[in-house]
Amino acid sequence: MITTFLSYTSQDLDFLQSICNLPLASRFMKFIYDEGCGTNLIGHIPMIKLLEKIRQCSVFIPILSNYYLNSNNCQKELLEAQKNNKIIIPIIIDDQCHWRPLPVCSKKTL
């Protein structure tokens, strides 16, 4: 199984859930993400633990939208993936999202 970190904002939770429910993807990938994001759950993962999970994953998938680009926490997650040379597979879900890979990560961004 490929350990895959899904980075998202609470506004994009529906899209995250659709990825996690894909039978083929869940068969080959173990998804890690902050299950409490955007809720009042006490058990959501603190940032320090999320960053550790990113260091442990093989693949980092940011679910990109304008909400994502404006989130400080999401930017921290993406930067951690870049610093640790993770394979980054962005999924752009917003037509208005104008994300471009940074030169530091372009070699490993698909």
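By the count of neighbouring beta-carbon atoms within 10 Å, fewest first, L50, L24, L13 end up ordered L24, L13, L50. Label point 7 Å out from M47 along Cα-to-Cβ: which residues of the stretch 66-92 have amide N under 20 Å? It comes to 66-85, nothing else.
Working note: Karplus 6.51/-1.76/1.60 with θ = phi - 60° gives the stretch 78-84 the couplings 4, 4, 5, 5, 5, 4, 9 Hz, where Gly and Pro are set to x. The amide H of I92, built 1.01 Å from its N in the peptide plane, has L64 as neighbours under 5 Å, considering only residues 5 or more places off or on other chains. Would you please give the FRET efficiency between Q75 and L13, computed as 1/(1 + (r/R0)^6) with r the Cβ-Cβ distance and R0 = 22 Å, to the nearest 0.05? The computed FRET efficiency comes out at 0.75.
Bear in mind that the values in this text are calculations on the coordinates, not laboratory data. Not measured: the values here are computed from a predicted model. Cβ atoms come from the backbone with ideal geometry, glycine included; neighbour counts cover every protein chain shown.
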